[in-house]
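Visitor: My structure is below; once you've seen it, I'll send some questions.
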Amino acid sequence: MNKEFIPYEQAVELKELGFDESFLGYYRNVDRSLFTNNKVVDPFYDTIAPLYQQAFRFFREKYGIFGNVTYMQEFNYVFNIGNIPDCDYLSYGQDYNTYEEAELACLKKLIEIVKEKK
């Protein structure tokens, strides 16, 4: 189940970008341990641990950009990032060995794009 949550570093960055939604897990800031129970999170001690699905929805709804991962035989896994609604592509990455590697790279790029715009 832990693979469903974005890594601690990206959870902290999403918090800085305004992510504050319902959650199934959280990280303790002192040791970056992941806990999967609902409790009241203390923002000083804890960081919400979004699911990948929540993180991608956050970028679509709050910032109007989307990311997706696709398998292409000649490049293994690739990702694309684009604007909503015109679908102009802003970025892409290619040649990741696994879907999960491409998904994390896509998430990192989404964070980078939004930070550059701020």
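Where a number appears in this text, it was derived from the coordinates with a stated rule and is not lab data. Keep in mind the model is a prediction, meaning the values are calculated, not measured. Methodologically, a virtual Cβ is constructed for each residue, glycine included, from the backbone with ideal geometry; neighbour enumeration extends over all protein chains shown.
Visitor: Rank the residues TYR45, TYR26 as a footprinting-exposure proxy: fewest other Cβ atoms within 10 Å of their Cβ go first.
Guide: On the way: TYR45 11, TYR26 24.
In increasing order of surrounding Cβ atoms, one gets TYR45, TYR26.
Visitor: Taking the C-alpha atoms of the chain, how large are the radius of gyration and the largest Cα-Cα span, Dmax, in Å?
Guide: My reading of the Cα-based Rg and Dmax gives 14.8, 47 Å.
Visitor: Please turn the phi angles of the stretch 99-106 into ³J(HN,Hα) values with the Karplus equation 6.51 cos²θ - 1.76 cosθ + 1.60 (θ = phi - 60°), one per residue in order, whole Hz, x for glycine and proline.
Guide: Per residue, the Karplus-derived 3J(HN,Hα) values read 4, 4, 4, 5, 5, 5, 4, 5 Hz.
Visitor: Another question, then. Dipole of the chain, Cα-centred, from +1 at each Lys and Arg C-beta and -1 at each Asp and Glu C-beta, to the nearest 20 debye? Each step should come with its number before you reach the end.
Guide: On the way: 13 positive and 19 negative charges, 56 e Å.
The dipole magnitude comes to about 280 debye.
Visitor: Full extension from LYS115 to ASN2: what is 0.36 nm times the residue separation minus their Cα-Cα distance, to one decimal in nm?
Guide: Numbers: separation 113, 0.36 × 113 = 40.68 nm, distance 2.63 nm.
Extending this stretch completely gives an extra 38.0 nm.
Visitor: Just in the stretch 1-89: which GluC sites (Glu not before Pro) are loop by DSSP and have at most 14 other Cβ atoms within 10 Å?
Guide: Numbers: sites: GLU4, GLU9, GLU13, GLU16, GLU21, GLU61, GLU74; in loops: GLU21, GLU74.
Answer by residue number: GLU21, GLU74.
Visitor: Among the aspartates and glutamates, select those whose C-alpha is under 19 Å from the C-alpha of LYS117, and discard any that sit fewer than 8 residues away in the same chain.
Guide: Filter leaves GLU13, GLU16, GLU61, ASP86, ASP88.
Visitor: Collect residues whose amide H, placed 1.01 Å from N in the peptide plane, falls under 5 Å from the amide H of LEU90; neighbours closer than 5 in sequence don't count.
Guide: ILE81, GLY82, ASN83
Visitor: How many percent of Cα pairs in the stretch 1-51 exceed 18 Å? Show your work: numbers first, answer last.
Guide: Details: 185 of 1275 pairs.
Everything past 18 Å amounts to 15 percent.
Visitor: Give me the one-decimal nm value for the distance between modelled label points at TYR71 and GLU21, 7 Å along each residue's Cα-to-Cβ direction.
Guide: In this crude label model, TYR71 to GLU21 measures out at 2.6 nm.
Visitor: Could you identify which residue out of PHE19, PHE56, PHE44 has the top mean-square fluctuation in a GNM of the chain using Cα springs shorter than 10 Å?
Guide: Highest fluctuation of the listed residues: PHE44.
Visitor: Check cross-link reach from LYS39 to the lysines: straight Cα distance under 26 Å, and skip same-chain residues fewer than eight apart.
Guide: LYS3, LYS15, LYS62
Visitor: In sequence order, what are the phi-derived ³J(HN,Hα) couplings for the stretch 39-55 according to the Karplus relation 6.51 cos²θ - 1.76 cosθ + 1.60 with θ = phi - 60°, rounded to whole Hz, with x for glycine and proline?
Guide: 9, 7, 8, 8, x, 6, 9, 10, 10, 4, 10, x, 6, 3, 4, 5, 5
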